[in-house]
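What follows is a set of notes on a single structure, which appears directly below.
Every number in this text was worked out from the coordinates using simple rules, so none of it is lab data. Because the structure is predicted, anything quoted here is derived from the model rather than measured. For neighbour counting, all protein chains shown are included, and Cβ atoms are generated from backbone atoms with ideal geometry for every residue, glycine included.
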């Protein structure tokens, strides 16, 4: 599996001194979750496995979230560290990356600040990763919890899976190291790209310089693509350990102003173009994507579809004329290539449009144009040669 070039990293300052290296670093980005962060930390305090640290990265919360976290410092006996961002980053990617840089554990585990884990979660995952010497442990199942109850008692929780169209593992099982087979599996929706579905060996992240890209939506999707493409000894396990809160707080969009709508669309469209660039650059280092570019474009299409899904969700909430104006403006201003911009807009409006069909059509059109251009060039070269020959004959006759 390919490795990514390692970069030097600068570590942020925490409010507690360094501790002896723990086995696991639990990284939690946080922004205004005062209602839930206590339950999240309580689930960590209840862990049967104790050799871990918790790194909460506060993204400039404006509520009492940070105060609540700091009230837990003594309960964790030095194992809880709080990083305070200097300014709000607008999402989870930067806090997660900062938490990774500051972490010292042999393995990394990401959580959301409004979720929880069962009491045996870290023990189960740590036992597996050590027994099989895995680099990544991937959980195919998780628990769903109602908004008002983050109970970690399994009998009160509903178990869920990524999908129902494939067979889940009944025991720990290593994945294939064939990149082609992995990409096919990913495109079939057989991989959870939520950060909390993985226990990751920290050196895999550092050696391959894997980070969460600064996307507003789907940074976790991109992160998992990176991780899945470069990691050897990637293991699937049947363990269900994460409690995902199904109902998240959300701001009403019914009264958004034009400026707010335009700002959100701007961010989402930026994400599409930036994500395509990231995937294009990332795939350059893999022989598979160079020899069989179909896989590269299929990954790009997979990413774009997820981004477009969120744009469609916005489309259903606003008057069509207003939304169309904003979206067309964004695509045309951001996209240097109007063909690409038009394609992305059409893709958002027509969900069944197939990326590879479109790509093939464009390549065929280009090839036809190139062939016509070459033929025209040959015709002009022939005409020029004839003209030069006639001039030479005329000069010879005059002499």
Report, for region 24-245, the % of DSSP beta bridges that are antiparallel, rounded to 5. 35
Once you have the Cα-Cα distance between residue 397 and residue 88, take 0.36 nm times their residue separation minus that, and quote the gain in nm to one decimal. 102.9 nm
Using mean Cβ contacts within 10 Å as the protection proxy, how do 104-114, 179-189 order, highest first? 104-114, 179-189
Residues of region 96-135 with the amide nitrogen closer than 20 Å to a label point 7 Å from the Cα of residue 274, along Cα-to-Cβ, please. 96-101
Order these by the 10 Å Cβ neighbour count, fewest first: 259, 194, 100. 259, 194, 100
Calculated FRET efficiency, residue 309 and residue 75, Cβ-Cβ r, R0 41 Å, to nearest 0.05? 0.50
How much length is gained on full extension from residue 281 to residue 48, taking 0.36 nm per residue of separation minus their Cα-Cα distance? 79.6 nm
Taking 7 Å along the Cα-to-C-beta vector as the label spot, tell me the residue 232-residue 266 distance in nanometres, rounded to one decimal. 4.7
Once the Cβ-Cβ distance between residue 214 and residue 168 is put in as r, and R0 is 41 Å, what FRET efficiency do you end up with, to the nearest 0.05? 0.80
Once the piece of chain linking residue 160 and residue 144 is laid out straight, how much longer is it, given 0.36 nm per residue of separation minus the C-alpha distance between them? 5.1 nm
Per the 1/(1 + (r/R0)^6) rule, R0 = 56 Å and r from the Cβ atoms of residue 64 and residue 180, FRET efficiency to 0.05 is 0.65
